[in-house]
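One structure below.
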Amino acid sequence: MITDTSTSSGGFVPPDVDVPALTKVLDGEYAEIRDLVRTNLTRHASVLEEAEELGIDAFRERVRELAVELAATGQTGMGFPKEYGGGGDIGASIAAFETLAFGDLSLLVKVGVQFGLFGGAILQLGTERHHKAHLPDLITGKLMGCFAMTETGHGSNVQALGTVATYDAGTQEFVITTPDDGARKDYIGNAARHAQLAVVFAQLKVGERSEGVHAFVVPIRIGGAVAPGVSIEDDGRKMGLNGVDNGRIRFDGVRVPREALLNRFADVTPEGVYESPIENPGRRFFTMLGTLVQGRVSVGGGAINASKVALAIAVKYAARRRQFEATPDHGEQLLLDYGMHQRRLLPLLARTYALHFAQDVVRTHLHEVFSGERGDEQARRELESRAAGTKALGTWHATRTIQECREACGGAGYLAVNRFAALKADSDVFTTFEGDNHVLLQLVAKGLLTNYAHEFEDMDQLGMVRFVTGQAVETVIERTSVHKLLERVRDLLPGGDEWDQEAGLLDSEYQLAMVRHREEHMLAGLARRLKRGVDREQDPGVVFSRVQDHVIAVARAHVERLVLEAFVERVRTLPESGNKVALKVLCDLFALSTIEADRAWFMEHGRLTVQRSKAISGEVDGLCRRIRPLAVDLVDAWGIPPRMLRSPGLVGPPS
């Protein structure tokens with residue numbers, strides 16, 4: 001149990017923060033690869049200016065050049081097998097990507113498309129023949145490619161993609177066709193200029209039978225020219241990320257050999273017989289998509305680190321910028337000494353640390369699953385859910401944090417040189433990269449409602465409703481018994497049945513019990529709503545649509561609980577030190593500000609009295625005051641290369 005019984009900032013002695021030691025904690029086992037990325041970022045810091053100065057075509061070329069230069073250092077190939085020139089460590093590859101987010105985000109996304117999406121699809125969906133043919137040149141950047149999944153008419157609903165791949169047994173080829181405008185591949189990174197190959201997701205048709213969505217390696221450029229039967233359009237300028245050449249692709253009867261099918265999970269014999277070790281089509285489809293989960297893990301981590309850049313700039317600015325006289329004798333006051341400014345920035349600082357440690361957990365989980373350390377189906381399903389939820393909360397956090405930090409820097413924050421313009425424009429799409437966040441949270445809720453049952457992969461939304469309202473609903477309600485939950489929380493309070501106690505707010509077990517109770521109460525309520533609707537013989541689709549707000553709410557509550565658990569556990573494992581004290585204060589601030597933000601729910605459900613709600617708000621204020629003298633050290637501990645902060649006139653030594 002981690003407990004701090006002090007409830008006011010007045011008696012709090014700020015600990016000495018050992019910044020290098022805290023950086024070591026944050027970098028974890030991947031300190032070496034993170035330092036390599038920091039070195040590369042500093043070496044190529046001019047890209048931040050080039051993003052503003054170069055025309056779109058020149059900037060795209062510059063970003064491609066930099067991606068290839070990074071590949072030469074080994075930074076981008078860490079997740080690929082050593083026998084093909086990679087580093088053989090998928091966890092290191094995610095850590096490298098996260099750290100790259102301190103710099104220009106067009107470069108980050110270019111790297112993600114080339115080595116994460118395109119390379120990851122060939123690695124995870126292909127077999128040795130594809131690995132030998134493509135990975136060595138792909139890892140060096142000599143072979144550029146794209147990941148052609150999303151279509152104009154279909155994004156999140158991948159099972160309904162319109163592109164068709166028909167097997168021709170006579171020639172032993174697949175014929176790739178775009179039947180209509182809705183089926184054109186759209187928003188595809190690397191497509192407009194640089195990709196030579198595309199991993200194309202299409203409906204596989206063998207004989208008269210459709211076998212569902214599969215992936216194929218398709219040449220889209222040969223010798224620099226667009227391949228026969230392929231047409232490519234440039235998506236043009238975007239809100240941001242204009243160093244990435246997004247485009248639209250159509251296929252008009254493009255023929256590729258039978259070996260172009262990425263056949264880890266299914267194959268077609270020369271004679272035209274479809275074969276797969278996974279008999280169930282739904283399970284086969286979700287197994288295939290599950291191997292691509294590292295994209296969500298990467299985007300979530302990148303967003304969290306983009307938030308760090310914004311906060312580092314805003315906190316350092318607030319620690320040196322003065323505004324108005326506090327008293328006639330003391331001159332103008334630093335922005336960071338104002339309670340409102342602390343309230344604006346420091347809970348975001350605490351949440352960023354919390355998300356950092358949650359990202360550590362999901363990255364480790366990913367590494368264990370993909371390295372074979374945890375190969376069971378339950379672990380894979382939990383990874384997919386956790387990756388989806390962390391990505392959603394991390395990217396929403398980035399959007400909110402960057403905007404708040406921009407405003408906190410006043411007019412100076414509006415200048416392009418101070419990075420907020422690029423951070424806002426380039427990170428905004430992260431909320432819909434790798435899946436719209438609301439859709440991803442529905443995936444999280446599906447796992448909670450079904451408890452990752454064996455039938456998990458086979459269920460669409462209607463199947464989930466039927467499953468929950470049938471055999472699962474009583475299990476969910478029993479698992480989340482409100483009576484049992486109340487007992488757990490009451491046991492932590494000195495007054496027994498009295499919820500309105502002033503003690504315990506800084507007890508991590510109390511904080512965890514509150515967020516656990518919220519999640520499980522919401523989950524039981526959602527199950528009851530689903531069952532009630534079906535018992536009234538309403539259409540399951542209508543029932544689900546009417547409770548979607550509850551679906552999203554319970555998923556968010558679940559992920560926030562996971563985030564807090566990760567933070568509490570990380571603090572618990574640290575040796576006694578000033579850094580541990582500082583992180584405990586941050587953890588308390590994250591926990592209590594999370595409860596405060598949803599206090600209407602806690603009060604509506606009898607978990608907070610008015611008095612206790614006020615006490616939590618007072619404690620949040622006090623925790624902000626405790627963190628204030630530590631704030632600059634805490635952002636310095638992220639190890640953002642100084643040249644990445646840019647911002648002349650905003651960032652400097654604190655007064």
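The values are calculated or read from the model by the stated rules, or taken from the named source; none is laboratory data. Keep in mind that this is a model prediction, so the values were computed, not measured. Methodologically, a virtual Cβ is constructed for each residue, glycine included, from the backbone with ideal geometry; neighbour enumeration extends over all protein chains shown. We work out accessible area using only protein heavy atoms, side chains counted, and drop any ligands, DNA or RNA first. Shrake-Rupley method; radii C 1.70, N 1.55, O 1.52, S 1.80 Å.
Just add up the charged neighbours of L70: K/R +1, D/E -1, any other residue whose Cβ is under 13 Å from the Cβ of L70.
Result for the local shell: +2.
Would you calculate, for the chain, the mean residue ellipticity at 222 nm contributed by helices, counting each DSSP H stretch of 4 or more residues as -39,500 (n - 2.57) and dividing by all residues, to the nearest 500?
-17000 deg cm²/dmol
Rounded to the nearest 20 Debye, what is the dipole magnitude of segment 128-243 about its Cα centre when Lys and Arg each give +1 and Asp and Glu each give -1 at the C-beta?
400 debye
Excluding residues fewer than 8 places away in the same chain, name every one of the aspartates and glutamates whose C-alpha is closer than 13 Å to that of K391.
E98, D360, E434, D436, E560
Please tell me the relative contact order of the chain in percent, rounded to the nearest whole number, where contacts are Cα pairs under 8 Å and at least six residues apart.
17 percent
Can you work out the FRET efficiency for the pair E604 and V68, with r the C-beta to C-beta distance and R0 = 51 Å, to the nearest 0.05?
0.35
Can you give the extra length, in nm with one decimal, that the chain gains between R237 and E208 once fully stretched, where that is 0.36 nm per residue apart less the Cα-Cα distance?
Full extension of this stretch gives 6.3 nm more.
If I stretch the segment between T152 and E537 completely, what's the gain in nm (0.36 nm per residue apart, minus their alpha carbon distance), one decimal?
135.0 nm
Run down the aspartates and glutamates and flag those whose C-alpha is under 19 Å from the C-alpha of K132, throwing out any fewer than 8 positions away in its chain.
Within reach: E83, D89, E259, D267.
Summing +1 for each Lys or Arg and -1 for each Asp or Glu, what net charge is found among the other residues whose Cβ lies under 10 Å from the Cβ of F602?
Within the 10 Å Cβ shell, the charges total +1.
Can you give me the P(r) profile for segment 262-346? Cα pairs, bins 10 angstrom wide beginning at 0, each as a whole percent.
Reading upward from the zero bin: 13, 23, 15, 12, 11, 11, 9, 5, 1, 0.
Just to make sure I understand: if all protein chains stay in place, what is the order of W601, W396, W638 by accessible area at 1.4 Å, largest first?
Ranking W601, W396, W638 by accessible area, largest first, yields W396, W601, W638.
Note down the magnitude of the dipole of segment 39-90 about its Cα centre, charges +1 on Lys and Arg C-beta and -1 on Asp and Glu C-beta and zero elsewhere, to the nearest 20 debye.
240 debye
Send over a whole-number figure in Å² for the accessible area per residue of the chain, probe 1.4 Å.
Per-residue accessible area for the chain comes out at 39 Å².
From the phi of every residue in segment 236-251, what ³J(HN,Hα) in whole Hz does the Karplus formula 6.51 cos²θ - 1.76 cosθ + 1.60 yield, where θ is phi - 60° and glycine or proline is x?
Here the 3J(HN,Hα) series is x, 5, 10, 4, x, 6, 7, x, 9, 8, 6, x, 10, 10, 10, 10 Hz.
List the equivalent ellipsoid semi-axes of segment 209-273 in whole Å, largest first, each obtained as the square root of 5λ for an eigenvalue λ of the Cα gyration tensor.
29, 15, 11
Scaled to the compact-protein estimate 2.2 N^0.38 Å, what is the alpha-carbon radius of gyration of segment 332-426, rounded to two decimal places?
Normalised Rg, Cα atoms only: 1.46.
Efficiency by 1/(1 + (r/R0)^6): what FRET value for W396 and D168, r their Cβ-Cβ distance, R0 = 30 Å, to the nearest 0.05?
Calculated transfer efficiency: 0.05.
Placing +1 at every Lys and Arg Cβ and -1 at every Asp and Glu Cβ, with all other atoms neutral, what dipole size does the chain have around its Cα centre, in debye to the nearest 20?
So the magnitude is around 680 debye.
Mind running the shape call on segment 106-220? Use the C-alpha gyration tensor, a ≥ b ≥ c as the square roots of the eigenvalues: rounded below 1.5 for a/c, prolate if a/b tops b/c, oblate otherwise.
Oblate.
Quick one, what does Rg over Rh come out to for the chain if you take C-alpha atoms and the Kirkwood Rh?
Taking Rg over the Kirkwood Rh, I get 0.99.
How compact and how long is segment 18-159, expressed as Rg and Dmax of its alpha-carbon atoms in Å?
Cα only, segment 18-159: 16.2, 52 Å (Rg, Dmax).
Which one of H558, G578, S593 has its Cα pushed farthest toward the positive end of the charge dipole of segment 503-655, where Lys and Arg give +1 and Asp and Glu give -1 at the Cβ?
S593
Within a Cβ distance under 11 Å of P15, other residues only, what is the Lys/Arg minus Asp/Glu net charge?
-1
Anything over 19 Å Cα to Cα? Flag those among K238/K316; K238/K308; K238/K424, in the order listed.
In this structure, K238/K316; K238/K308 exceed 19 Å between Cα atoms.
Can you work out ³J(HN,Hα) from phi for every residue in segment 147-158, in order, using Karplus 6.51 cos²θ - 1.76 cosθ + 1.60 and θ = phi - 60°, giving whole Hz and x for Gly and Pro?
These are the phi-based 3J(HN,Hα) values: 10, 9, 9, 4, 10, 4, x, 8, x, 5, 7, 5 Hz.
Distance cut-off 32 Å, Cα to Cα: go down the list K142/K185; K205/K531; K24/K142 and report the pairs above it.
K205/K531; K24/K142
Rounded to the nearest 10 Å², what accessible area does Y510 show when all protein chains are kept and the probe is 1.4 Å?
Solvent-accessible area, nearest 10 Å²: 0 Å².
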